[in-house]
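Quick one: this structure, given as structure tokens, is what I'll be asking you about.
The values are calculated or read from the model by the stated rules, or taken from the named source; none is laboratory data. What you see is a predicted model, and the numbers here were worked out from it, not measured in a lab. Glycine also receives a Cβ, built like all others from the backbone with ideal geometry; neighbour counts cover every protein chain displayed.
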Amino acid sequence: MSKTVAFHTLGCKLNYSETATLSRTLQADGFVKKDFEEEADVYVINTCSVTENADKECRMIVRRIQKRAPEAMVVITGCYAQLKPQEIARIEGVDLVLGAAEKFNLSTHLKEITKGPADGGGAKICSCDIEEVAGFHSSFSMNDRTRAFLKVQDGCDYNCSFCTIPLARGHSRSDSIAGVLANMRELVANGTKEIVLTGINLGDFGKGADGGKTRDSSFYELIQAMDEQEGIDRIRISSIEPNLLSNEIIAFVAKSKRFMPHFHIPLQSGSNKILGLMRRRYQRELYQDRVATIKELMPHCCIGADVIVGFPSESDDDFKETYDFLHSIDVSYLHVFTYSERANTLAPGIKPIVPMNIRNERNKALRNLSYQKMQYFTEQHHGSSRKVLFEMPGPNGMMEGFTDNYIKVQTPHRPEWEKQMVDWVL
């Protein structure tokens, strides 16, 4: 009888694309995929290092699995598994921990391992130093959604003082343009209508699979090639650093056949002092210039921003500078993160520490600002007609979709609109 496997993903769109690829690989090897809430022979948890309380979250999920299927094999992979394999191996119920270099060898490992002792501590660890991780493993999600996440880049050569991702994923490295286009054609053949490009540092695309030592091409060349491919309606750029978002790229998207008028550009702080302490590679003036250029060429464009509040030494004045800056520029929504300390990063050594209650207050203030900005952005388009790509039906008899410029639309379910582009008056 075929073994069954269930997956659970924590974290970013990149993790979702990798989980989908791992799932397809196991199914090709004879495994039967089950829903994570069902009983299965193997459970795979793809973890994140950005998620707060990763240890607590992982333990909670493993405990749920043990209650449901005590004889099941439990595998932990992803960024948390690379950063703290020994810690994860001690979690009761975990059998296998796969680091960054072994993640895509999951099928081989499952054939070689048996269920560990019930008292924990018996998990097998397959991991190596992150400096040894090289090679690029292409991944993409491909399911009943209209939208697919396509991984084109991995790793990061930046060393922001708050971030563990370079420690978890290694050097920047990329797929080839030919490889991306091949995956794109497979997605089109599967009926995908929209592709979201994902990566750890997407704008750094082009560094070869040899750990980023060579550069084969550029992100600008990639999007030019993708724009010429037939059969796909929409392509989105998930997130791109402001210093890598060139005016050349912006101008190309403005006249593109397939790239949507939607950018997500991490800011992290509106204070140049804090940006410097974060070791970001730009100042607020460059960010402001990028937003102005986008809006000049695409007034209807949606722009999202990532912001971190409560970074060490962020004073009331520093936060006010961030708030006022975000209020003044024409961004459409914010993803707000409360700073949390990460081992093996430089930020915890910066003083003074911002009290947690102050961090939470600042988070709330920016989330309120984000709501106001998205309301304003949506109201600007009231009465205009835009194409909406509807997805499969959701709960309560409703379905939803997004306009080209990322305004969410909800409507009662209509079967004929599933995975279809519909003209919609906002």
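In the range 347-366, how many are surrounded by 15 or more Cβ atoms within 10 Å (Cβ to Cβ) and within 23 Å of the chain's Cα centre (by Cα)?
Adding up the residues that qualify gives 3.
Go through the range 34-58 residue by residue and tally those that are surrounded by 15 or more Cβ atoms within 10 Å (Cβ to Cβ) and more than 19 Å from residue 99 (Cβ to Cβ).
4
Among all residue pairs at least 6 apart or on different chains, which show Cβ distances below 8 Å where the first residue, located in the range 390-416, is among the charged types (D, E, K, R) and the second is part of a loop (DSSP other than H, G, I, E, B)?
From the range 390-416, the pairs are 391/145; 391/146; 391/418; 391/419; 400/391; 400/394; 404/260; 404/261.
OK, next. Please state which of the following conditions residue 79 fails to meet, knowing it meets all the rest: (1) in contact with a Gly (Cβ under 6 Å, 6 or more places away or on another chain); (2) closer than 30 Å to residue 356 by Cβ.
Condition (1) is where residue 79 drops out.
Return the total of residues in the range 142-178 being in a strand (DSSP E or B) and closer than 30 Å to residue 390 by Cβ.
So the answer is 6.
Restricting to the range 247-303, name every residue that is touching a Cys at 6+ places or on another chain (Cβ under 8 Å), part of a loop (DSSP other than H, G, I, E, B) and charged (D, E, K, R).
Of everything in the range 247-303, those that are touching a Cys at 6+ places or on another chain (Cβ under 8 Å), part of a loop (DSSP other than H, G, I, E, B) and charged (D, E, K, R) turn out to be 279, 280.
Ok, one more. So which of 191, 155, 203, 208 is modelled with pLDDT under 95, in contact with a helix residue (DSSP H, G or I) (Cβ under 9 Å, 6 or more places away or on another chain) and of a type in the set (Gly, Ala, Ser)?
Working: 191 fails: in contact with a helix residue (DSSP H, G or I) (Cβ under 9 Å, 6 or more places away or on another chain); 203 fails: modelled with pLDDT under 95; 208 fails: in contact with a helix residue (DSSP H, G or I) (Cβ under 9 Å, 6 or more places away or on another chain).
Unique residue meeting the criteria: 155.
Would you say residue 244 is out of contact with any His (no Cβ under 6 Å at 6 or more places or on another chain), within 24 Å of residue 346 (Cβ to Cβ) and in a loop (DSSP other than H, G, I, E, B)?
Values: out of contact with any His (no Cβ under 6 Å at 6 or more places or on another chain): yes; within 24 Å of residue 346 (Cβ to Cβ): yes; in a loop (DSSP other than H, G, I, E, B): yes.
So residue 244 passes the test.
May I ask you to list the residues in the range 254-301 that are closer than 19 Å to residue 226 by Cβ and surrounded by 15 or more Cβ atoms within 10 Å (Cβ to Cβ)?
Within the range 254-301, 254, 256, 258, 259, 260, 261, 262, 263, 264, 298, 301 qualify.
How about the range 391-426: which of its residues are of a type outside the set (Asp, Glu), under 22 Å from the mean Cα position of the chain (by Cα) and within 26 Å of residue 295 (Cα to Cα)?
Residues satisfying the conditions are 401, 402, 403, 405, 406, 407, 408.
For (1) crowded, with 22+ Cβ neighbours inside 10 Å; (2) in contact (Cβ under 8 Å) with a residue 40 or more places away in the chain, each residue gets a yes or a no:
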site	(1), (2)
152	yes, yes
166	no, no
184	yes, yes
195	yes, yes
201	yes, yes
221	no, yes
231	no, yes
242	yes, yes
252	no, no
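Let me ask another. Take the residues in the range 77-96 that are outside any helix (DSSP H, G or I) and under 22 Å from the mean Cα position of the chain (by Cα); name whichever of them is surrounded by the fewest Cβ atoms within 10 Å (Cβ to Cβ). Please lay out each step first, then the result.
Applying the first criterion (outside any helix (DSSP H, G or I)) to the range 77-96 yields 77-78, 84, 90-96.
If we keep only those that are under 22 Å from the mean Cα position of the chain (by Cα) too, we end up with 77-78, 84.
Working: 77: 28, 78: 29, 84: 20.
Among those that are outside any helix (DSSP H, G or I) and under 22 Å from the mean Cα position of the chain (by Cα), it is 84.
Only one residue in 373, 419 is closer than 24 Å to residue 324 by Cα, of a type in the set (D, E, K, R), surrounded by 16 or more Cβ atoms within 10 Å (Cβ to Cβ) and touching a residue at least 40 places away in the same chain (Cβ under 8 Å), so which one is that? Before you say what the answer is, go through the steps one by one.
Details: 419 fails: closer than 24 Å to residue 324 by Cα.
Of 373, 419, the one residue that is closer than 24 Å to residue 324 by Cα, of a type in the set (D, E, K, R), surrounded by 16 or more Cβ atoms within 10 Å (Cβ to Cβ) and touching a residue at least 40 places away in the same chain (Cβ under 8 Å) is 373.
All but one of (1) among the hydrophobic types (A, V, I, L, M, F, W, C); (2) within 19 Å of residue 165 (Cβ to Cβ); (3) modelled with pLDDT of 90 or more hold for residue 28; which doesn't?
All conditions are met except number (2).
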